[in-house]
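Below you'll find the structure, written out as structure tokens, and then a few comments.
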Amino acid sequence: MKKSSGQIKIKTAVFISGTGSNLYNLIKFSFTKKSPIKICLVVSNNSKAKGLNFANKFKIKKKIFKFDKNDEKLAIDYLIKNKIEFICLAGFMHILSKNFKNKFNGKIINIHPSLLPKYKGLNTHLRALKNKEKNTGCTIHYVNSKLDSGRIILQKKIKILKNDTPITLKKRVLKQEHIAYPLAITKLFSNL
Ligand code: GAR
């Protein structure tokens with residue numbers, strides 16, 4: 001993906017479903033000079049997502065789509081109309097259709113709370129603990145046709161501690177996510 005000029009930031013949409021701590025973190029990052037992205041739109045499949053408050057707070061356009069067959073086309077048209085060039089999934093708990101992914105081929109990235117290819121899908125922390133893993137972490141990767149399987153951009157690893165529970169792990173991994181997502185985006189566009 002190419003940035004159109006040295007000055008202009010990439011028009012980005014962040015997709016969320018819940019709390020939006022990654023969204024908040026990316027918004028803060030996007031305000032820095034070194035950020036290659038400008039967040040122009042927050043999209044959610046959940047009208048009650050807490051993270052939507054960050055869109056209000058920072059006066060960023062927000063839009064809800066159910067992403068069912070009928071309004072997926074509306075979502076695609078809306079993104080195109082708003083000239084969105086790049087999409088960051090940040091706790092977006094809906095599997096995008098093949099058609100949607102084809103429309104934005106190579107322009108969607110995701111953050112996942114495990115060291116992929118381990119623990120794709122849900123309940124990653126519980127499964128890592130049950131399997132007595134020594135480490136876990138997070139992964140930022142391109143979105144391709146298979147769930148949590150696209151090319152890895154960056155990972156951050158942490159040690160699993162003796163007393164960790166899914167809750168403590170989630171907290172500690174989230175902390176890493178907030179470091180890793182901006183780094184991954186910087187890395188992606190660093191050759192421009
Ligand atoms: C994050 O841990 C993110 O990695 C995960 O949801 C959480 C969202 O937190 N994403 C997935 O599990 C996607 N499969 P946030 O709403 O506070 O950013």
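Annotations for the structure displayed:
- Cross-chain or 6+ apart pairs with Cβ under 6 Å, the range 88-108 first and among the aliphatic types (A, V, I, L, M), then near the ligand (Cβ under 10 Å from one of its atoms) and in a loop (DSSP other than H, G, I, E, B): 93/17
- Among (1) under 23 Å from residue 13 (Cβ atoms); (2) within 10 Å of the ligand (Cβ to nearest atom); (3) free of Cβ contacts under 8 Å to residues at least 60 places away in the same chain; (4) among the hydrophobic types (A, V, I, L, M, F, W, C) - the single one residue 174 does not satisfy: (3)
- Within the range 138-160, the set of residues being farther than 14 Å from residue 120 by Cα, among the basic types (Lys, Arg) and away from the ligand (no atom under 14 Å from the Cβ) comprises 157, 159.
- Residue in the range 67-77 that is of a type outside the set (D, E, K, R) and surrounded by fewer than 16 Cβ atoms within 10 Å (Cβ to Cβ) present: yes
- Scanning the range 68-84 for residues that are at pLDDT 95 or above and part of a loop (DSSP other than H, G, I, E, B) turns up 82, 83, 84.
- Any strands (runs of 3 or more DSSP E) falling wholly within the range 85-192 and containing at least 1 residues that are of a type in the set (S, T, N, Q) and more than 19 Å from residue 21 (Cα to Cα): 135-142
- Checked against (1) in contact with a Lys or Arg (Cβ under 6 Å, 6 or more places away or on another chain); (2) surrounded by fewer than 22 Cβ atoms within 10 Å (Cβ to Cβ); (3) closer than 24 Å to residue 151 by Cβ, residue 40 passes all but a single condition, namely (3).
- Checked against (1) within 16 Å of the ligand (Cβ to nearest atom); (2) crowded, with 20+ Cβ neighbours inside 10 Å; (3) not aliphatic (A, V, I, L, M), residue 86 meets all criteria but (1).
The values are calculated or read from the model by the stated rules, or taken from the named source; none is laboratory data. Bear in mind that the values here come from a model prediction, so they are computed numbers and not experimental data. Methodologically, a virtual Cβ is constructed for each residue, glycine included, from the backbone with ideal geometry; neighbour enumeration extends over all protein chains shown.
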